[in-house]
Each structure stands twice: as structure tokens, then as C-alpha cells.
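S.K.: Dumping the structure here so I can ask a few things about it.
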Amino acid sequence: MTEKQVLDDISNKLDIIINILRLVYYETLLKTKELADTDLVTREIVSHAKGKTYGEVVSAVAQATNVSEMTVKRRIAELRFQGLIVGQRIGKEVIVTISPALEGL
């Protein structure tokens, strides 16, 4: 197998695992998402966390919600701890995305 085939195989298996977990924890994930949707700051973070840098998300959400950047940073930290938001370091930047488990809910 080539390296690309191995990586594709791993990716497919991870997708299967995510889908199984989504089925098992569907009700919990749905409640968590509904709770997140009721809060303006959280809702804005989720809407902006689509491959943007951490700094871009913080700035955009602070402007959109008229709250301090520190408040947004704390909320992002809470969401990361809860597993709703995922950060991936690329070079010096952290790219913020929605957890794959919540996509499509």
C-alpha cells in the first residue's frame, strides 16, 4: 500500500468511529448543541469556527456580540474543554473548527 492509501484507510476508519460515537451519544450531543445555540457568544463562536485562526474568531465574535475579547477567549476555552470546538496548530497559528462529532446536527 502506498502512504496515501494508508492515510485514506486511517481517515475512513476514523470517520466510522466518529459516526458510531455520534449514534451512541446522539441525545447528549443534541442537548449540548441546543444549549450552545441559546447563548449568543457561543452561537457566534460556532458560526465563525470554520477553519479560521483563533485570533480571527476572537476578534470577529467580540465585534459581533459587543463583548470583550477576554470573554470570548474564556468561552472558546470552555467549548474546547467540552469538546465542541477543536483547535489544530498549523505553524504559529491555531485553526479553530467545530468538533466533527457535532457536524451535521
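Every number here is computed from the coordinates shown, using simple stated rules; none is lab data. All values derive from a computational prediction rather than experimental measurement. All Cβ positions, glycine included, derive from the backbone under ideal geometry; neighbour counts span all protein chains shown.
S.K.: Go through region 48-105 and name the GluC sites (Glu not before Pro) that are in a DSSP coil and have 15 or fewer other Cβ atoms within 10 Å of their Cβ.
M.R.: Passing sites in region 48-105 are Glu103.
S.K.: Run the numbers on the chain and let me know its relative contact order in percent, using alpha-carbon pairs under 8 Å that are six or more apart.
M.R.: It rounds to 28 percent for the chain.
S.K.: Using θ = phi - 60° and the Karplus form 6.51 cos²θ - 1.76 cosθ + 1.60, what ³J(HN,Hα) does each residue of region 62-67 get, whole Hz, x for Gly and Pro?
M.R.: Whole-Hz 3J(HN,Hα) from phi for region 62-67: 4, 5, 5, 9, 6, 10.
S.K.: Using θ = phi - 60° and the Karplus form 6.51 cos²θ - 1.76 cosθ + 1.60, what ³J(HN,Hα) does each residue of region 89-95 get, whole Hz, x for Gly and Pro?
M.R.: Once θ is set to phi - 60°, the couplings for region 89-95 become 7, 10, x, 8, 9, 10, 8 Hz.
S.K.: What is the sum of charges around Glu93, taking Lys and Arg as +1, Asp and Glu as -1, for the other residues whose C-beta is under 12 Å from the C-beta of Glu93?
M.R.: Result for the local shell: +2.
S.K.: From the backbone phi of region 22-32, what are the Karplus-calculated ³J(HN,Hα) couplings (6.51 cos²θ - 1.76 cosθ + 1.60, θ = phi - 60°) in whole Hz, Gly and Pro given as x?
M.R.: 4, 5, 5, 9, 3, 4, 5, 4, 5, 4, 4
S.K.: If one computes the Cα centroid of region 10-52 and of region 53-105, what distance in Å separates the two points?
M.R.: 13
S.K.: With a cut-off of at most 13 other beta carbons within 10 Å, and DSSP calling the residue loop, which chymotrypsin sites (Phe, Trp or Tyr not before Pro) in region 25-79 qualify? Please list them.
M.R.: Passing both the DSSP loop test and the Cβ count: Tyr25.
S.K.: Mind checking the angle between helix 69-82 and the chain's longest principal axis? C-alpha axes, 0 to 90 degrees, to the nearest 10.
M.R.: The angle comes out at about 30 degrees.
S.K.: Another question, if that's okay. What's the local net charge at Gln63, with K and R +1, D and E -1, over the other residues with C-beta under 10 Å away?
M.R.: -2
S.K.: At 7 Å along Cα-to-Cβ for each site, give me the label-to-label distance between Asp39 and Lys52 in nm.
M.R.: 1.8
S.K.: Also, quick follow-up: Given the chain, what whole percent of its Cα pairs are spread farther than 21 Å?
M.R.: Pairs farther apart than 21 Å: 42 percent.
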